[in-house]
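Visitor: Sharing a structure below in structure tokens format, with a few things to ask.
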Amino acid sequence: MKIRKVLVSQPQPETGKSPYFDIAEKHGVKINFRPFIKVERLSAKEFRLQKISILDYTAVVFTSRHAIDHFFNLCTELRVTIPETMKYFCITEQVALYIQKYVQYRKRKVFFGQSGKIDDLSTSITKHNSEKFFVPVSDVHNNDIKNLLDKLKVQYVEGVMYRTVSNDFTADEEFDYDMLIFFSPSGISSLKKNFPDFEQKDIKIGTFGSTTAQAVRDAGLRLDLEAPTVQAPSMTAALDLFIKETNKGK
């Protein structure tokens, strides 16, 4: 079956320069963007149950803009004023620059990695190993930061400040896609929640990342496209090749 309509389970790109738009034009397919999941902040009451006092810590580790948003907004709800002396360790420069939305960047001590890998922060954290680190995380997260901070033997605590929930479909939303693209196991859970009687039939499913691929298999679904690969290191590269091959001569 030819692929004519694809659902990418991510927010629509903010600019018109996304490779997804190039793929749509190149292959004459329609690509819609619709997240299956959304992130929401814990309430102050829920956070207090963890018995964490943010002001006991002198540094914060941020892995995403979501983490920054929920940290500062929850601090506001908790009526916690972040001191001028607080230090921030960010996974990338883009994440670090996002802090400007909440604080004056020049007045803070901000450190960031170059490649987007957690290990990039090792040097900066080691130089400031006397700090007490607070790590805002989602209810579902990996142990990459924990493993790094354990390895560096610094004082820290992880605090759940936000959670991933299903972004439910409404009754009037069309679901007539030839292919679905997922980026997290939570997306697969949301698919099953929204469509408990979902039958895959000819619908193709593509994933990015090994854990998402395994979630598809665990759900008893057929995985048609798994990225990244050596030939296609990105989801868009993999999708481009897959549509070309699937639609060829049919």
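The values are calculated or read from the model by the stated rules, or taken from the named source; none is laboratory data. Please read these numbers as outputs of a predicted model, since none were measured by experiment. In this analysis, Cβ positions are derived from the backbone assuming ideal geometry, glycine residues included, and neighbour counts consider all displayed protein chains.
Visitor: Looking at (1) more than 27 Å from THR76 (Cβ to Cβ); (2) in the same structural domain as LEU223 (by TED's automatic domain parsing); (3) touching a helix residue (DSSP H, G or I) at 6+ places or on another chain (Cβ under 9 Å), which one does SER122 not meet, given that it meets all the others?
Guide: Here SER122 meets the rest and fails (2).
Visitor: Can you find even one residue in segment 58-81 that is closer than 21 Å to VAL154 by Cα, surrounded by fewer than 17 Cβ atoms within 10 Å (Cβ to Cβ) and assigned by TED's automatic domain parsing to the domain that holds SER138?
Guide: yes
Visitor: Continuing with this model, one more query. Hand me the list of helices (runs of 4 or more DSSP H) wholly inside segment 23-111 holding 3 or more residues that are in contact with a Phe, Trp or Tyr (Cβ under 9 Å, 6 or more places away or on another chain) and touching a residue at least 40 places away in the same chain (Cβ under 8 Å).
Guide: 65-78
Visitor: Out of the residues in segment 57-85 that are of a type in the set (Ser, Thr, Tyr) and under 18 Å from ASP120 (Cα atoms), which is nearest to the chain's Cα centre (by Cα)?
Guide: SER64
Visitor: Considering only segment 155-165, I want to know if a residue exists there that is among the polar types (S, T, N, Q), more than 18 Å from the chain's Cα centre (by Cα), part of a strand (DSSP E or B) and surrounded by 12 or more Cβ atoms within 10 Å (Cβ to Cβ).
Guide: yes
Visitor: Next question. With surrounded by fewer than 12 Cβ atoms within 10 Å (Cβ to Cβ) and touching a residue at least 12 places away in the same chain (Cβ under 8 Å) as the only criterion, which of ASP224, ASP197, ASP172, ASP176 stands out?
Guide: After ruling out the rest, the residue left standing is ASP176.
Residues are listed down the side, and each one gets a yes or a no for (1) assigned by TED's automatic domain parsing to the domain that holds VAL140; (2) part of a loop (DSSP other than H, G, I, E, B); (3) within 24 Å of the chain's Cα centre (by Cα); (4) not polar (S, T, N, Q):
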residue: GLY187; (1), (2), (3), (4): no, no, yes, yes
residue: SER190; (1), (2), (3), (4): no, no, yes, no
residue: PHE198; (1), (2), (3), (4): no, yes, no, yes
residue: GLY206; (1), (2), (3), (4): no, no, yes, yes
residue: LEU223; (1), (2), (3), (4): no, yes, yes, yes
